[in-house]
Amino acid sequence: AQKVTQAQTEISVVEKEDVTLDCVYETRDTTYYLFWYKQPPSGELVFLIRRNSFDEQNEISGRYSWNFQKSTSSFNFTITASQVVDSAVYFCALSEANQAGTALIFGKGTTLSVSS
Amino acid sequence: DTGVSQDPRHKITKRGQNVTFRCDPISEHNRLYWYRQTLGQGPEFLTYFQNEAQLEKSRLLSDRFSAERPKGSFSTLEIQRTEQGDSAMYLCASSLVLTEDEQFFGPGTRLTVL
């Protein structure tokens, strides 16, 4: 069965600290996609990144970086030099390519609080 | 604004009443999804359309729920005989088939059933 686990329910950091959000997934498919979404207090989910299962290259986008490791079924997200505006709930999600509709399966989310 | 829009943003109703929500996807997006999010949880998939065809429904979608996308553009989600357990945020997302399901979400409709 497909499953996404975000073991960290809440994380609190002080501005400028680096923080890593963990994501572990389960799937039987060999072709799948992994996503991270941000949900700020306003409530609207904001797409951050999509990664397919054949691309294990790490990615960096500004202060954000993602580490995908198939060997440990993990897709972790690191924010460098965190800022107050990074405070939000972050969701990791999985979709499987051979499923009709490729509905996203979300984890329960990690609430990140960044204080000044 | 060319993003996904949803209406209404908030709905308060009494148990037993019917409610209907509307979602307008990003123009030309042929896939449209409905999700439900309860407090402290991630969104859970309800149903999905490709153009006007409803191709998949979750077990979460009881027979009190019905969704339509009559012309392959906007979609409606109706809940009949609402129950307190239906209180949640209902999210709509859209995507293009060719973009490997990069789904763009709307702001959601928050339903409160009293």
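The values are calculated or read from the model by the stated rules, or taken from the named source; none is laboratory data. Just so it is clear, the structure is predicted and the values come from calculations on it, not from any experiment. Every residue, glycine as well, gets a Cβ built from its backbone with ideal geometry; the counts of neighbours run over all protein chains shown. Accessible surface areas use protein heavy atoms only, side chains included; no ligands, DNA or RNA. Shrake-Rupley method; radii C 1.70, N 1.55, O 1.52, S 1.80 Å.
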* Scan segment A:62-86 residue by residue and report those that are in a helix (DSSP H, G or I) and either among the hydroxyl-bearing types (Ser, Thr, Tyr) or farther than 28 Å from A:Arg28 by Cβ (or both). => A:Ser71, A:Thr72, A:Val84, A:Val85, A:Asp86
* Asked: Any idea which residue in segment A:23-38 is nearest to the other protein chains (Cβ to nearest Cβ), counting only those that are in a strand (DSSP E or B) and open to solvent by 20 Å² or more (accessible area, probe 1.4 Å)?
  -> A:Tyr33
* Structure fact -> B:Glu56 fails exactly one of (1) at pLDDT below 90; (2) part of a loop (DSSP other than H, G, I, E, B), namely (2)
* Asked: Among the listed residues A:Ser53, A:Ser12, A:Ser42, which satisfies the condition of being within 14 Å of chain B (Cβ to nearest Cβ) and open to solvent by 40 Å² or more (accessible area, probe 1.4 Å)?
  -> A:Ser42
* Scan (1) hydrophobic (A, V, I, L, M, F, W, C); (2) under 30 Å from B:Tyr90 (Cβ atoms); (3) out of contact with any Cys (no Cβ under 9 Å at 6 or more places or on another chain) for the single condition A:Cys92 breaks and write down its number. => (3)
* Condition check for A:Ser115: open to solvent by 40 Å² or more (accessible area, probe 1.4 Å), touching a residue at least 24 places away in the same chain (Cβ under 8 Å) and either more than 9 Å from every other protein chain (Cβ to nearest Cβ) or closer than 20 Å to B:Gln41 by Cβ (or both) -> yes
* In segment B:60-114, which residues are part of a loop (DSSP other than H, G, I, E, B), of a type in the set (S, T, N, Q) and more than 14 Å from chain A (Cβ to nearest Cβ)? -> B:Ser62, B:Ser73, B:Gln80, B:Thr82, B:Ser87
* Might you let me know whether segment B:102-110 holds any residue that is open to solvent by 40 Å² or more (accessible area, probe 1.4 Å), touching a residue at least 12 places away in the same chain (Cβ under 8 Å) and farther than 26 Å from A:Gly109 by Cα? => no
* In segment B:7-51, the residues that are basic (Lys, Arg), within 23 Å of A:Lys38 (Cβ to Cβ) and part of a loop (DSSP other than H, G, I, E, B) -> B:Arg9
* Structure fact -> Per the filter on segment B:17-36, residues more than 20 Å from B:Val97 (Cβ to Cβ) and open to solvent by 20 Å² or more (accessible area, probe 1.4 Å) are B:Gln17, B:Asn18, B:Thr20, B:Arg22, B:Arg36
